[in-house]
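The values are calculated or read from the model by the stated rules, or taken from the named source; none is laboratory data. Note that the coordinates shown come from a computational prediction; the quantities given were computed from them, not determined experimentally. Quick reminder, even Gly has a Cβ in these numbers, built from the backbone with ideal geometry, and neighbours come from all protein chains shown.
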Amino acid sequence: MGLKPSTSLSDLRRDIKNNSSKFVNDKNWGKRQISMARRIWCFFLYTFPSKSSL
């Protein structure tokens, strides 16, 4: 995964959320897999908070 220096963290977070949501929907995952995906996303949000939440 590459990241340009001009890319903001909020853009990166948005892109990851959009891509992960699309991935989950494309795979037709059940509740168990979606629950795990939510836990991973919450961990990501907690680990890399946006500037507005600091």
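Odds and ends about this structure:
- Members of the stretch 1-40 found to be of a type in the set (F, W, Y) and either modelled with pLDDT of 80 or more or loosely packed, with under 11 Cβ neighbours inside 10 Å (or both), listed by number: F23
- Verdict on L45 being modelled with pLDDT under 80, aliphatic (A, V, I, L, M) and exposed (fewer than 12 other Cβ atoms within 10 Å of the Cβ): no
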